[in-house]
Protein chains: 2
Amino acid sequence: MPGVFRDRLQECAQGVTVCLEAALDAYDDVPVTRAMRYACAGGKRLRAFLVMEAGRLFGVEDARSVWAAAAVEAVHAYSLVHDDLPCMDDDDLRRGRPTVHVKWDEATAVLAGDALQSLAFALLCRDEMGAGPALRLELVRSLARAAGAAGMVLGQAQDIAAETAPARLTLAQITALQANKTGALIGWSAEAGALLGGVDPTAMRLYSRALGLAFQIADDILDVEGDVAATGKRVGKDAAAGKATFVSLLGLEGARARAAALVEEAEAALAPYGERAQTLREAARFVISREG
Amino acid sequence: MPGVFRDRLQECAQGVTVCLEAALDAYDDVPVTRAMRYACAGGKRLRAFLVMEAGRLFGVEDARSVWAAAAVEAVHAYSLVHDDLPCMDDDDLRRGRPTVHVKWDEATAVLAGDALQSLAFALLCRDEMGAGPALRLELVRSLARAAGAAGMVLGQAQDIAAETAPARLTLAQITALQANKTGALIGWSAEAGALLGGVDPTAMRLYSRALGLAFQIADDILDVEGDVAATGKRVGKDAAAGKATFVSLLGLEGARARAAALVEEAEAALAPYGERAQTLREAARFVISREG
């Protein structure tokens with residue numbers, strides 16, 4: 001990981017962690033809020049980085065963008081808690097630790113996820129964002145769309161339906177599925193930075209959609225090649241479940257080539273911004289080179 | 001049920017149903033969105049009525065308030081879907097029909113609930129509300145608070161914790177629990193009407209908080225005295241589970257007296273509005289007289 005990107009990723013992660021902890025500390029200390037804190041800890045914070053670094057590209061100070069970054073990380077954390085449930089992916093390990101329903105119980109996991117989604121929208125209302133109400137409302141509207149039944153939840157549902165479908169998904173279907181499941185939220189992140197900066201978010205959309213898909217292909221490759229220690233979650237699950245993945249459809253080399261082409265696409269979308277977009281470029285390269 | 005209140009309740013329910021169906025029709029027709037439609041159908045729509053009738057008291061046209069009414073009904077529907085899950089209350093019957101996880105499966109129920117929450121916040125962003133962005137943002141902020149870990153979810157978690165607690169809850173504890181579990185959302189509803197009308201929501205808060213608690217006490221009475229045909233859900237569950245309820249703590253007559261006192265409290269909060277608040281008054285009386 002290049003040093004500049006690594007440092008910036010860490011800086012964004014720390015800022016978001018401070019915001020999330022402050023917001024979560026305002027709640028009563030009960031199991032469900034402890035589970036929320038647990039679910040919000042750790043992770044790469046790639047979505048937070050995208051909000052804040054895209055924001056910086058358009059002159060938005062971190063102290064403002066960090067709240068939108070915290071919001072998207074809260075949605076991401078909620079989705080992981082629910083996705084890990086026995087009735088969904090049934091995972092017992094996440095970020096190297098027991099998943100929420102293992103550490104507490106399923107009811108607490110359902111509720112913690114639910115409340116994290118509410119929290120995300122509360123964070124977008126914070127006055128500290130230094131954005132007018134119309135802009136914050138636009139962020140609420142677009143995050144609700146990206147997270148809901150036309151975005152992330154649709155992708156999750158498509159993913160679950162694929163498990164029992166008579167035929168394996170085609171490349172077009174799995175690309176559409178992933179564009180919803182992970183692409184919508186990753187796309188929202190970079191777009192939110194542009195919106196906060198008061199600029200048209202089209203370039204950031206192209207950049208982050210390509211990055212998001214590359215990220216997912218890299219995930220499929222890691223599921224085949226990675227190990228538990230590096231990824232912090234179970235590997236080999238998709239192959240064991242007989243699920244179609246980018247690797248099963250394209251082969252390992254084909255998947256790598258597709259991911260590399262998407263990174264080039266992401267970089268091309270950044271061309272107008274020259275050197276100032278270097279850290280976003282490094283982020284795109286990082287997603288296909290990561291080991292966990 | 002007095003005719004004026006009954007007609008207005010029905011009118012609000014119809015308006016909200018139209019909004020929710022229009023919003024839901026915009027999604028792909030897949031199991032998770034079918035489950036969302038199913039979960040949003042039916043119900044008394046008391047929360048919608050409170051938004052719209054409180055709104056009318058302060059001069060807000062139905063065409064505006066109906067979107068906030070639809071938003072709170074979407075949150076309510078999501079909470080029922082998740083509350084009915086096997087890991088929560090494990091109910092197989094709701095509004096006289098199989099619950100979502102029975103009709104589809106648990107994963108679809110989790111996801112449909114999740115997407116209904118997102119939809120609620122999307123509805124509050126609708127331009128048709130005819131409210132400036134600052135006001136809509138205030139509604140987002142307050143709904144996120146009412147639904148989240150300082151409101152409804154906290155109440156749900158307290159309710160679940162009570163089941164395994166060594167001692168039965170006290171009256172103060174169960175009152176606090178219900179103020180969160182159902183009171184937060186019912187309270188938000190009437191307050192939202194006031195906020196849309198540009199007036200201080202304090203009176204509406206007092207009114208609806210008292211109404212909400214009376215509603216819950218009536219629910220406990222129905223759990224003892226009601227039947228499945230009238231309530232559309234299983235009865236006698238709380239007693240069978242050995243849970244403390246207002247009836248187990250106060251006795252049937254004591255619970256009735258407490259509910260009646262709360263209705264008087266709710267009516268007192270409406271005193272400044274005279275005859276114009278008559279339908280809201282009837283709503284308060286209705287919640288303790290209903291049979292389902």
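Values quoted throughout were computed directly from the atomic coordinates according to the rules given, and no laboratory measurement underlies them. In this text, all values refer to a predicted model and were calculated from it rather than measured experimentally. With ideal geometry, Cβ positions are generated from the backbone for all residues, glycine too; neighbour counts draw on all protein chains shown.
Can you give the FRET efficiency to the nearest 0.05 for B:Asp28 and B:Leu252, using r as the Cβ-Cβ distance and R₀ = 30 Å? Spell out each step's value before the answer.
Working: r = 49 Å, r/R0 = 1.64.
Result of the calculation: an efficiency of 0.05.
When you count, for each residue, the other Cβ atoms within 10 Å and take the mean per peptide, how do A:200-211, A:269-280 rank with the highest first?
Numbers: A:200-211: 22.0, A:269-280: 15.4.
The most tightly packed comes first, giving A:200-211, A:269-280.
7 Å along Cα→Cβ for the label point: how many nanometres lie between B:Asp7 and each equivalent label in the other copies, listed shortest first?
Ordered by increasing distance: 7.3 nm.
What is the list of residues in the stretch A:39-57 whose amide nitrogen lies under 16 Å from a point 7 angstrom out from the Cα of A:Gln278, following Cα to Cβ?
A:57
Cα-based Rg (one decimal) and Dmax (whole number) for the protein assembly as shown, in Å?
In order Rg, Dmax, the Cα atoms of the protein assembly as shown give 24.2, 76 Å.
How far, in nm to one decimal, is B:Gly251 from itself in the other copies if the label point is set 7 angstrom along Cα toward Cβ? Shortest first, please.
8.3
Take A:Lys243, A:Lys181 and order them by how many other Cβ atoms sit within 10 Å, fewest up front. Can you show the working numbers first?
Working: A:Lys243 18, A:Lys181 23.
The order, fewest Cβ neighbours first, is A:Lys243, A:Lys181.
Filter the cross-link list A:Lys44/A:Lys243; A:Lys103/A:Lys243; B:Lys44/B:Lys103; B:Lys181/B:Lys243; A:Lys181/B:Lys44; A:Lys44/B:Lys181 down to pairs whose alpha-carbon distance in this structure exceeds 24 Å.
Values: A:Lys44/A:Lys243 26 Å; A:Lys103/A:Lys243 28 Å; B:Lys44/B:Lys103 21 Å; B:Lys181/B:Lys243 15 Å; A:Lys181/B:Lys44 34 Å; A:Lys44/B:Lys181 34 Å.
Distance filter (> 24 Å) returns A:Lys44/A:Lys243; A:Lys103/A:Lys243; A:Lys181/B:Lys44; A:Lys44/B:Lys181.
What are the label-to-label distances in nm, one decimal and shortest first, from A:Gly198 to the same spot in the other copies, with labels 7 Å along Cα to Cβ?
Computed spacing set for this position: 2.8 nm.
Would you calculate the separation in nanometres between label points at B:Glu128 and B:Gln10, each defined as 7 Å from the Cα along the Cα-to-beta-carbon direction?
2.2
Classify the stretch A:74-159 from the C-alpha gyration tensor, please: rounded if a/c falls under 1.5, else prolate or oblate depending on whether a/b exceeds b/c.
Numbers: a/c = 3.01, a/b = 1.81, b/c = 1.66.
Prolate, because a/c is 1.5 or more and a/b exceeds b/c.
In nm, give the distance between the simple-model label positions of B:Arg95 and B:Val224, each being 7 Å from the Cα along the Cα-to-Cβ direction.
That separation, rounded to one decimal, is 2.9 nm.
Once you sort the root eigenvalues of the Cα gyration tensor of the stretch B:171-223 as a ≥ b ≥ c, which label holds: rounded (a/c under 1.5), prolate (a/b larger than b/c) or oblate (the other case)?
Working: a/c = 2.97, a/b = 2.28, b/c = 1.30.
It is prolate, given that a/c is not under 1.5 and a/b is the larger ratio.
Checking the a/c ratio against 1.5 first, then a/b against b/c, what shape does the Cα gyration tensor give for chain B?
Details: a/c = 1.59, a/b = 1.09, b/c = 1.47.
Here chain B falls in the oblate category.
Within 10 Å, count the other beta carbons around each residue, average over each peptide in A:9-18, A:251-260, and list them highest first. Walk me through the intermediate numbers first.
Numbers: A:9-18: 19.2, A:251-260: 15.6.
Ranked by mean Cβ neighbours within 10 Å, highest first: A:9-18, A:251-260.
With the crude spin-label approximation of a point 7 Å out along Cα→Cβ, what separation in nm comes out for B:Ala268 versus A:Ala172?
6.8
Could you give me the radius of gyration and the Dmax of the stretch B:1-78, taking only the C-alpha atoms into account and expressing both in angstrom?
For the stretch B:1-78, the Cα radius of gyration and maximum Cα-Cα distance read 12.9, 41 Å.
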